[in-house]
Amino acid sequence: MIKRLALIGYVILGFMLPVSFAEAQSSRPIAVDLASSSVDITTGFTGSRIVIFGIREEPGDVAVVVTGPTRRTVVRRKDQILGMWMNKESVEFLDVPVYYDYAVSVREPLIAEELRENNIGLNALDFRAVGDEDDATVFGFKEALIRNRQGRGLYPPEPENIIFLNDNFFRVDFYMPSNVPTGEYSVRTFLFQDGKLRDVQTNSLRVAQTGFSARLYLFAHKQSLAYGLVAVFMAVAFGWSANTLLRRD
């Protein structure tokens, strides 16, 4: 019953939202809005789903990309030296998104060149390496970085689906895991016609800690010494309490 009501709601929304989108951005061939423009990380946060609705006023293929803030990232490779695993080589990359996910409504090979030029898809991500490493080395470390992010749920193993609720109205769902970094994210929506970029719209998404989780985060970073002392005190107290209970048993 609940699923049926939800489906009815989406269908109704599919016929109502295009009107409001067209009124708000009648000059644009594509209009997009987020169900929520923020993700609040609270105590016990287990992840969040990002829902995006859009309407294309003209026919074409759609792609949606969600990108987190970029950071310098060092990728290290461990080798066994004298029986011990040690860091032997490393490559530093610039402008690496902490989170990346995307969705396409068309098979990628059909518009591969446009996707690559607009950084749509994992193969199109342009990580700039620091130093003069050869291309083969950079490519190997880039692949390792992507696999690491995929293992943590921050990069997708494959593109998400774009669901068309009618000929022009569409919906996309992205999932953000519990370990998603905070910061300002961008949601870019592309419309392609005949294999060429027709329009792109950018929306903002804010991921931030709130409530007790935010207060604890600020305390740990602004009062690091006090936070460390409290952590040590709590560890000693818990250890003493456990030891006392075990002795009683």
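The values are calculated or read from the model by the stated rules, or taken from the named source; none is laboratory data. The model shown is predicted, which means the values in this text are computed figures rather than measured ones. Cβ atoms come from the backbone with ideal geometry, glycine included; neighbour counts cover every protein chain shown.
Points worth noting:
- The range 127-163, residues that are aromatic (Phe, Trp, Tyr) and either closer than 14 Å to GLU92 by Cα or assigned to a strand (DSSP E or B) (or both): PHE127, PHE139, PHE141
- Scan of the range 106-116 for residues that are surrounded by fewer than 20 Cβ atoms within 10 Å (Cβ to Cβ), touching a residue at least 24 places away in the same chain (Cβ under 8 Å) and under 18 Å from VAL66 (Cα atoms), ordered by number: VAL106, GLU108, GLU114
- Any hit, the range 173-185, residues being over 24 Å from ARG71 (Cβ atoms) and in a strand (DSSP E or B): yes
- Residues that are within 28 Å of ARG49 (Cβ to Cβ), surrounded by 14 or more Cβ atoms within 10 Å (Cβ to Cβ) and either charged (D, E, K, R) or in contact with a strand residue (DSSP E or B) (Cβ under 6 Å, 6 or more places away or on another chain) (or both) within the range 138-162 comprise LEU145, ARG149, TYR155, PRO156, PRO159, GLU160, ILE162, listed in sequence order.
- Matching entry among PRO159, PRO181 (being in the same structural domain as GLY121 (by TED's automatic domain parsing) and within 10 Å of the chain's Cα centre (by Cα)): PRO181
- Hey, ASP167 in a strand (DSSP E or B), over 30 Å from ILE41 (Cβ atoms) and assigned by TED's automatic domain parsing to the domain that holds THR73 or not: no
- Yes/no for ARG198 being over 18 Å from ILE52 (Cα atoms), part of a strand (DSSP E or B) and not acidic (Asp, Glu): yes
- Residue in the range 82-97 that is touching a Gly at 6+ places or on another chain (Cβ under 6 Å) and at pLDDT 90 or above present: yes
- Once the range 184-213 is narrowed to residues that are small (Gly, Ala, Ser) and more than 20 Å from the chain's Cα centre (by Cα), the residue that is modelled with the highest pLDDT is GLY195.
- Residue-level analysis places ASP135 outside the set of residues that are under 26 Å from VAL207 (Cα atoms) and surrounded by fewer than 14 Cβ atoms within 10 Å (Cβ to Cβ).
- Taking every residue in the range 127-151 that is farther than 15 Å from THR73 by Cα and pairing it with any residue that is surrounded by 13 or more Cβ atoms within 10 Å (Cβ to Cβ) and among the β-branched types (Val, Ile, Thr), at least 6 positions away or on another chain, the pairs with Cβ-Cβ distances below 6 Å are GLU133/VAL91.
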